[in-house]
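First up is the structure itself, then whatever we jot down about it.
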Amino acid sequence: MSATAEMVTGGNPAQDAVARFRRKQIAGFAVPAVILAYFVYLFFAFDIAGLVDRARMDNAKILVADSYSYKTHITHDNRNGGLSFAIEGENKGTYPDGMMPGFVTSTGEDAVTITLDAGEVAEIEGSTLRYSLPDYGTVIVTVEGRDISVETPDGTIPDWISASTARVNITGEGGRATVTRARTEVYVYSYGWELFWFTLDSPFYGKSFAELAALAVSGEQVIEGQSNFAAMVGEVWNNSMWRHKDVIWAIFETILMAFLGTMGAAIVALPMAFIAARNFNRLASLRFAIRRVFDFVRGVDGLIWTIILSRAFGPGPMTGALAILITDTGSFGKIFSEALENVDDKQIEGVTSTGAKPLQRYRFGVIPQITPVLLSQVLYYLESNTRSATVIGAITGGGIGLLLTQAIITQKDWEEVSYYIMLIIIMVIFMDTLSGWLRRKLIRSDDSGV
């Protein structure tokens with residue numbers, strides 16, 4: 001062993017080995033301890049215990065159920081009398097006079113019996129609701145003036161009933177019921193997205209796929225002056241519940257917002273990038289100013305620009321496109337200027353030797369070199385901005401983001417929220433696939449041309 005090694009170890013290899021082992025043990029315990037301490041800190045800092053305590057799993061269950069099913073509202077007006085039946089409680093989904101769901105039976109004036117799942121039965125008779133459960137009995141809720149009384153078989157209020165003098169909520173296995181001074185409502189859940197194709201007033205509502213296929217090729221016209229196929233397409237396109245026409249236009253607005261913002265940013269950023277590039281602009285002060293402009297516009301998030309521009313120009317898809325344009329101008333400017341600083345001077349010298357003017361040197365000596373970078377980045381940002389345009393549209397009042405926000409605010413039509421989220425995912429997948437295909441085609445074509 002050398003003298004240096006002896007000084008380090010103290011001349012005792014065994015003790016040194018033990019010391020190294022102990023240091024490894026300490027390190028092995030210290031790292032997990034630090035990680036554990038960090039998670040303990042997060043637990044208290046974010047009040048995880050309080051969050052769990054405040055969580056409403058009953059509401060979460062209802063929202064999840066709403067996403068893949070629909071509710072039929074059976075409503076009694078406790079002030080003026082009268083019964084109504086509507087999908088999701090909307091006027092556009094109200095059953096016409098004389099028409100009611102198959103699980104509802106009329107038992108008299110202002111009285112119906114509703115057959116629910118799990119053997120449960122709800123009866124509405126005027127301002128009185130009787131909700132019967134097989135293993136429990138019948139809960140009777142009565143509106144008496146400004147008070148609401150609840151009677152249960154054992155005289156106690158179970159946890160699946162929320163009761164006060166102003167409102168009573170019953171959550172059974174087969175359905176739900178709500179009683180207020182103004183109305184009595186029973187909600188019946190069914191799987192699927194009702195009225196997605198045809199509304200209740202459509203002559204094609206309730207027909208099977210086989211019946212619709214036969215009608216499509218039939219010469220007998222259901223709607224006078226239109227072929228059956230054209231009438232079906234028109235009924236779906238103008239569906240007042242699901243608004244397919246508005247949804248398709250909103251998807252187009254979202255993609256257009258992303259396209260205009262991205263392409264506009266690329267057009268603005270390219271000439272500015274030449275000014276910011278060291279090998280194309282010798283004025284350091286001007287380069288510094290342009291680069292700080294890039295830092296400023298991309299340093300402020302696109303959502304902030306959206307809020308600022310919406311205050312200046314008002315809501316609309318064009319405001320969202322401008323917000324994307326401003327933010328991406330900074331990003332593109334930085335990327336393009338760095339690409340310009342890395343171009344091969346030999347190609348430029350070759351074009352210069354032919355007597356080309358400055359613009360021609362840029363066109364034939366510089367642009368072909370940076371085109372793959374330009375195309376790749378622009379297409380990538382176009383794909384990314386398609387997602388961003390959804391959130392921006394929710395603020396500026398345009399695109400699919402606005403419809404999604406409206407559906408969330410209603411707190412009832414969560415199947416529409418699911419529908420819009422699915423459309424957004426499909427739109428992003430489509431833009432991702434299209435962007436990848438264009439990158440491969442354009443960049444390979446450009447490489448072969450060079």
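The values are calculated or read from the model by the stated rules, or taken from the named source; none is laboratory data. These numbers were taken from a predicted model, which means no experiment stands behind them. Counting neighbours? That spans all protein chains shown, and the Cβs are built from the backbone with ideal geometry, glycine included. Areas reflect the complete protein model, heavy atoms only, side chains present, ligands, DNA and RNA absent. Shrake-Rupley method; radii C 1.70, N 1.55, O 1.52, S 1.80 Å.
Open to solvent by 20 Å² or more (accessible area, probe 1.4 Å) and modelled with pLDDT under 90 - does that describe any residue in the stretch 316-331? Yes, the conditions are met somewhere in the stretch 316-331.
SER418 meets each of the listed conditions (1) open to solvent by 20 Å² or more (accessible area, probe 1.4 Å); (2) closer than 21 Å to ARG311 by Cβ apart from (2).
Would you mind listing the helices (runs of 4 or more DSSP H) fully within the stretch 204-302 where at least 1 residues are among the aromatic types (Phe, Trp, Tyr), surrounded by fewer than 17 Cβ atoms within 10 Å (Cβ to Cβ) and at pLDDT 90 or above?
Passing ranges, in order: 228-237, 244-276, 284-299.
Listed by first and then second residue, the pairs linking a residue in the stretch 341-357 that is over 12 Å from PRO368 (Cβ atoms) to a residue that is at pLDDT 75 or above, with Cβ atoms under 7 Å apart and 6 or more places separating them unless they lie on different chains, are GLU341/ALA277; GLU341/ARG278; GLU341/ASN279.
Please verify whether ALA216 is within 19 Å of SER127 (Cα to Cα), over 30 Å from the mean Cα position of the chain (by Cα) and among the hydrophobic types (A, V, I, L, M, F, W, C), treating the condition exactly as stated. Working first, answer last.
Details: within 19 Å of SER127 (Cα to Cα): no; over 30 Å from the mean Cα position of the chain (by Cα): yes; among the hydrophobic types (A, V, I, L, M, F, W, C): yes.
No, not satisfied.
Note on the stretch 174-192: among residues that are open to solvent by less than 70 Å² (accessible area, probe 1.4 Å) and assigned to a loop (DSSP other than H, G, I, E, B), the one that is farthest from ILE140 (Cα to Cα) is GLY192. Restricted to the stretch 122-131, and to residues there that are at pLDDT 90 or above and surrounded by fewer than 18 Cβ atoms within 10 Å (Cβ to Cβ), the residue that is nearest to PHE85 (Cα to Cα) is GLU125. Would it be correct to say that ILE248 is within 30 Å of VAL378 (Cα to Cα) and free of Cβ contacts under 8 Å to residues at least 60 places away in the same chain? Here the answer is yes, as ILE248 does meet what is asked. Scanning the stretch 312-332 for residues that are among the aliphatic types (A, V, I, L, M), in a helix (DSSP H, G or I) and over 27 Å from LEU434 (Cα atoms) turns up at least one hit. Here THR113 meets the list (1) of a type outside the set (Gly, Ala, Ser); (2) closer than 19 Å to GLY206 by Cα; (3) free of Cβ contacts under 8 Å to residues at least 12 places away in the same chain almost entirely, failing just condition (2).
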